[in-house]
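Visitor: Would you mind keeping the following structure in view while I ask a few things?
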Amino acid sequence: MSITVKKVDDANTIVSGKIDNEVIEKNVDKLAKEAAKQVKVDGFRPGKVPVSVVKSLHGEKLQQDAEGEALKEFMDAGLKEAEIAAADMIGQPGFKKYEKGENDIDVEIEISLRPKFEAEGYQEVMPEFEKPEAEEKAIDEKIEEILTQQAPWVKIKRKRMVREGDMTLIDFEGFIDGEAFEGGKAEKFNLKIGSGQFIPGFEDQIVGMKYEEERTVKVTFPEEYQSADLAGKEAEFKVTLHEIQEQVPEELTDELAQKILGGEEGATVETLKERIKSQLEREDISKLYHSELKPKIVEALVEKFDFALPNNIVEQEIDAKINQKAQEMTPEELNEYKENPEKVEALRDEVRADAEASVKATFIVDELAKKEGVTVEDQEVSQALYYEAMMSGQDPQAIIKYYEEHNLLPAVKMGMIEDKLFGKLLGLDD
């Protein structure tokens with residue numbers, strides 16, 4: 001077994017050489033002898049199966065295993081020759097060549113290592129910014145919004161016609177071809193005009209109704225309506241308007257502030273205002289961070305640090321970006337790429353720079369997070385996904401299961417570490 005080691009750069013080394021067929025044959029013999037002691041073959045006593053029979057029955061599998069053992073020995077020898085510890089490797093080695101000849105196998109393997117660099121001076125590239133401060137007007141508007149949400153609906157004091165945005169109290173009954181249908185009737189039903197709660201056209205025809213007026217509303221159920229018996233059919237609804245309602249906010253008191261804050265003992269109006277002020281400022285900071293600060297930081301860090309990248313990880317990132325683009329392609333575009341390998345390579349070259357920047361940023365963030373003692377526990381990742389699912393009305397358990405099955409949790413965790421790190425460096429967690 002001959003081995004040559006060539007260091008491409010600090011992150012990549014190529015190990016090349018030849019594996020003699022004699023080594024493979026010896027491995028086959030060894031594996032066949034071991035298998036002969038365990039395999040069961042009709043006509044032979046246990047442990048007495050001839051090696052020749054084992055080779056005849058399992059020759060292809062033995063050959064594969066023998067080559068696998070030889071490759072492992074080749075890799076171990078290559079790592080020793082290159083003075084590389086197995087723990088320093090990152091990702092799977094990439095085969096540049098694996099050609100079987102008459103007397104040997106010509107092998108060339110690229111080994112990638114985790115980049116090493118001096119993580120110093122990164123504070124210098126943090127962008128300057130002013131922390132947003134919530135204005136009194138915004139705080140008052142938010143309080144008014146909360147008070148309105150808390151207020152009950154009550155009948156308006158002066159009777160008038162229905163307007164867009166009103167909350168109405170109505171009776172209605174629906175008919176198709178003169179026959180009432182199941183589920184089409186309700187009394188003293190609250191309907192906010194413009195909410196889109198009813199099928200298209202219904203709420204528009206309520207506008208202009210007067211108290212105790214009866215009106216026939218004509219609509220057509222959508223073709224994709226959930227009830228097949230009603231889908232696409234024309235219907236008439238007899239509607240009676242009883243009231244127009246409004247929400248009259250209560251006066252803000254310490255007692256109401258305590259209620260809004262979940263029964264917090266000792267809370268006052270000022271406590272509520274401070275909480276709302278903090279909430280509004282966090283929202284503004286979050287917008288500023290994601291739209292301006294974060295992109296600037298990533299760009300600055302990638303530009304500041306210069307180090308070699310592991311080729312196998314870069315290729316994986318290129319694959320990911322290509323797959324992402326493929327999802328946005330039409331079937332015709334996909335076929336063009338499948339039939340034209342040169343076009344695929346051109347696309348890979350097109351996304352390479354972005355892939356390299358993305359991989360580089362990942363290693364920088366990982367190193368800086370260690371230096372700054374920033375960590376994110378698996379439980380925090382699950383909690384974040386759970387909260388997002390709840391806020392979007394999705395099933396939290398189903399979302400978490402999806403992320404687990406598609407191996408997306410590491411990416412989510414990395415994103416959370418990145419935000420936590422940048423927040424600390426910017427002083428946003430003070």
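Visitor: Residues to consider are Ala228, Ala320, Ala267; find the one that is touching a helix residue (DSSP H, G or I) at 6+ places or on another chain (Cβ under 6 Å) and among the aliphatic types (A, V, I, L, M).
Guide: Working: Ala228 fails: touching a helix residue (DSSP H, G or I) at 6+ places or on another chain (Cβ under 6 Å); Ala320 fails: touching a helix residue (DSSP H, G or I) at 6+ places or on another chain (Cβ under 6 Å).
Of the residues listed, the single one that is touching a helix residue (DSSP H, G or I) at 6+ places or on another chain (Cβ under 6 Å) and among the aliphatic types (A, V, I, L, M) is Ala267.
Visitor: Can you tell me which of Glu81, Glu108 is open to solvent by 40 Å² or more (accessible area, probe 1.4 Å) and either part of a loop (DSSP other than H, G, I, E, B) or out of contact with any Phe, Trp or Tyr (no Cβ under 9 Å at 6 or more places or on another chain) (or both)? Break it down into steps so the answer makes sense when it comes.
Guide: Numbers: Glu108 fails: either part of a loop (DSSP other than H, G, I, E, B) or out of contact with any Phe, Trp or Tyr (no Cβ under 9 Å at 6 or more places or on another chain) (or both).
Going through Glu81, Glu108 in turn, the sole match is Glu81.
Visitor: Of all residues in segment 2-49, how many are open to solvent by less than 50 Å² (accessible area, probe 1.4 Å), assigned to a loop (DSSP other than H, G, I, E, B) and either farther than 22 Å from Ala85 by Cα or of a type in the set (D, E, K, R) (or both)?
Guide: Of the residues in segment 2-49, 4 are open to solvent by less than 50 Å² (accessible area, probe 1.4 Å), assigned to a loop (DSSP other than H, G, I, E, B) and either farther than 22 Å from Ala85 by Cα or of a type in the set (D, E, K, R) (or both).
Visitor: List pairs: first in segment 403-429 and open to solvent by less than 60 Å² (accessible area, probe 1.4 Å), second part of a helix (DSSP H, G or I) and hydroxyl-bearing (Ser, Thr, Tyr), Cβ under 7 Å, 6+ apart or cross-chain?
Guide: Hits for this filter: Leu409/Tyr403; Val412/Tyr403; Met414/Thr362; Leu428/Tyr289.
Visitor: Between residues in segment 145-158 that are within 24 Å of Lys259 (Cβ to Cβ) and residues that are open to solvent by 80 Å² or more (accessible area, probe 1.4 Å), which pairs lie under 9 Å by C-beta distance while being six or more apart or on different chains?
Guide: Pairs found: Leu147/Glu250; Leu147/Glu251; Gln150/Glu250; Gln150/Lys259; Ala151/Glu250.
Visitor: Still on this model: Which one is farthest from Glu141 (Cα to Cα) among residues in segment 236-293 that are assigned to a strand (DSSP E or B) and of a type in the set (A, V, I, L, M)?
Guide: The residue in question is Val239.
Visitor: Being surrounded by 16 or more Cβ atoms within 10 Å (Cβ to Cβ) and small (Gly, Ala, Ser) is the filter here; which residues of segment 215-269 pass it?
Guide: If the condition is that a residue be surrounded by 16 or more Cβ atoms within 10 Å (Cβ to Cβ) and small (Gly, Ala, Ser), then Ala235, Ala257, Ala267 are the ones that fit.
Visitor: While we're here: Only residues in segment 292-320 that are within 18 Å of Asp9 (Cβ to Cβ) and in contact (Cβ under 8 Å) with a residue 40 or more places away in the chain count as the first member; pair them with residues that are in a helix (DSSP H, G or I) and open to solvent by 50 Å² or more (accessible area, probe 1.4 Å), Cβ under 8 angstrom, at least 6 apart or cross-chain, and list the lot.
Guide: Filtered contacts from segment 292-320: Leu309/Glu356; Val314/Arg352; Val314/Glu356; Glu317/Glu356.
Visitor: While we're here: Among the candidates Glu141, Glu133, which residue alone is touching a residue at least 60 places away in the same chain (Cβ under 8 Å), under 30 Å from Ala257 (Cβ atoms) and loosely packed, with under 15 Cβ neighbours inside 10 Å?
Guide: Answer to the selection: Glu133.
Visitor: Could you name every one of the helices (runs of 4 or more DSSP H) located completely within segment 325-430 that has at least 2 residues being within 20 Å of Phe305 (Cα to Cα)?
Guide: By residue number, 341-372, 409-426.
Visitor: Test of understanding: among Leu368, Leu334, Leu347, which residue is open to solvent by less than 60 Å² (accessible area, probe 1.4 Å) and closer than 30 Å to Gly121 by Cβ?
Guide: Leu368
Visitor: So Pro396 clears everything in (1) of a type outside the set (A, V, I, L, M); (2) within 19 Å of the chain's Cα centre (by Cα); (3) open to solvent by less than 50 Å² (accessible area, probe 1.4 Å); (4) modelled with pLDDT of 90 or more except one condition, right? Which one?
Guide: Among (1) of a type outside the set (A, V, I, L, M); (2) within 19 Å of the chain's Cα centre (by Cα); (3) open to solvent by less than 50 Å² (accessible area, probe 1.4 Å); (4) modelled with pLDDT of 90 or more, the lone unmet condition for Pro396 is (4).
Visitor: Take Asp306 and tell me if it is open to solvent by 70 Å² or more (accessible area, probe 1.4 Å), outside any helix (DSSP H, G or I), more than 30 Å from Glu135 (Cβ to Cβ) and not hydroxyl-bearing (Ser, Thr, Tyr).
Guide: Values: open to solvent by 70 Å² or more (accessible area, probe 1.4 Å): yes; outside any helix (DSSP H, G or I): yes; more than 30 Å from Glu135 (Cβ to Cβ): yes; not hydroxyl-bearing (Ser, Thr, Tyr): yes.
Answer is yes for this residue.
Visitor: Is there a residue in segment 116-130 that is touching a helix residue (DSSP H, G or I) at 6+ places or on another chain (Cβ under 9 Å), of a type in the set (Phe, Trp, Tyr) and not in a helix (DSSP H, G or I)?
Guide: yes
The values are calculated or read from the model by the stated rules, or taken from the named source; none is laboratory data. These numbers come from a predicted model, not from an experiment. Neighbour counts are summed over all protein chains in view; Cβ atoms, including those assigned to glycine, are modelled from backbone coordinates with ideal geometry. Ligands, DNA and RNA are stripped out before the accessible areas are found, and what is left, the full protein with its side chains, is counted by its heavy atoms. Shrake-Rupley method; radii C 1.70, N 1.55, O 1.52, S 1.80 Å.
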